Amino acid sequence: MVTDALVIAAVWPSRNATRAGGRISGVQIEYAQDLDELTDEHLAQLYAYPPEATWVRVNFVSTVDGAAHGADSRAASISSRADQRLFALLRGLCDLVLVGAGTARAEKYRPVEPDEVSSVLRERLGLAPTPTIAVVSRSLDVPVELLGDDRAPTLVVTCNGAPSSRLAQLIEDDRVVIAGDNNVDLAAAIRALSRRGFRRVLCEGGPTLFADLVRTDRLDELCLTLCPMLVAGDAGRITRGPLITSDLRLRLAHVIGAGDDLFLRYARRTTKES
């Protein structure tokens, strides 16, 4: 099926796809459709996590001129209805939502409620009723709204250099993952989370955390919504921090259109594909 003004190539893993180091290296073109024409089941197939592998997916929205947020410094102000639908779908597929403490504060994060994700989908995939949120913070400045809810306990990913009294309390509550000495070691954190059973990781930012995932070679996939807005100003990009010197190349896995929005899915290339 082809939309009236835009041909969209949707690409997803073939049944015979080979995997190297948990990364998909074989794909086939399936169809061309508008997001509104896809059911949640179709989308769940398109965005399915590889079985058994630990997989880190990053999800961002950006304006056409590269801004990661609107004038209010929140990503929600540049997000459309279709983007919100995909946002919920991606949360519905994951074990764990990984987010930086700054983004959690700016975007007013709360534990994920059961009615925010598809219970049918999560039950079929053998997942918990809601994904766990893990906040990355060296200072342990985590919103109280996230830590105060015992229905869906939030994890805190930090390092040994975190404030000792607060760290001791989190350890006592079994809510902490310690990775690194003076700074958070994200590669070690992902391994520790995987050992706890969190293999389907969805990172929702912010830009510094995203850049750190790339720098520590823990990025497997980027889902990027390109919204048809121009905001100029000094809004940051989806990555922020020191220049990344590693030659990380991405492969376009699929594109879906919804109105004037584009939903881009990139997977990292395998060594064979590079």
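Odds and ends about this structure:
- Segment Glu172-Glu116, length gained on full extension (0.36 nm per residue, minus Cα span): 17.2 nm
- Which of Glu172, Glu221, Glu113 is most accessible, then next, and so on - probe 1.4 Å: Glu172, Glu113, Glu221
- Mean separation of Cα contacts under 8 Å (6+ apart) over length of region 58-118, as relative contact order %: 28 percent
- Extension gain from Arg138 to Asn183, taking 0.36 nm per residue of separation minus the Cα-Cα distance: 15.5 nm
- Prolate/oblate/rounded label for region 155-256 (Cα gyration tensor, a/c 1.5): prolate
- In the full protein context, region 63-190 carries 46 Å² of accessible surface per residue, based on a 1.4 Å probe and ignoring ligands, DNA and RNA.
- Counting only heavy atoms of the protein chains and using a 1.4 Å probe, Phe87 has close to 60 Å² of accessible surface.
- Centroid-to-centroid separation of region 206-270 and region 125-201 [C-alpha atoms, Å]: 24 Å
- Net charge dipole, region 159-211: roughly 260 debye, given to the nearest 20, about the Cα centre with Cβ charges of +1 for Lys and Arg and -1 for Asp and Glu.
The values are calculated or read from the model by the stated rules, or taken from the named source; none is laboratory data. Just so it is clear, the model here is predicted, and its values are computed rather than measured. Ideal geometry is used to build each Cβ from the backbone, glycine not excepted, and the neighbour counts take in all protein chains shown. Heavy atoms of the whole protein, side chains included, go into the accessibility calculation; ligands, DNA and RNA do not. Shrake-Rupley method; radii C 1.70, N 1.55, O 1.52, S 1.80 Å.
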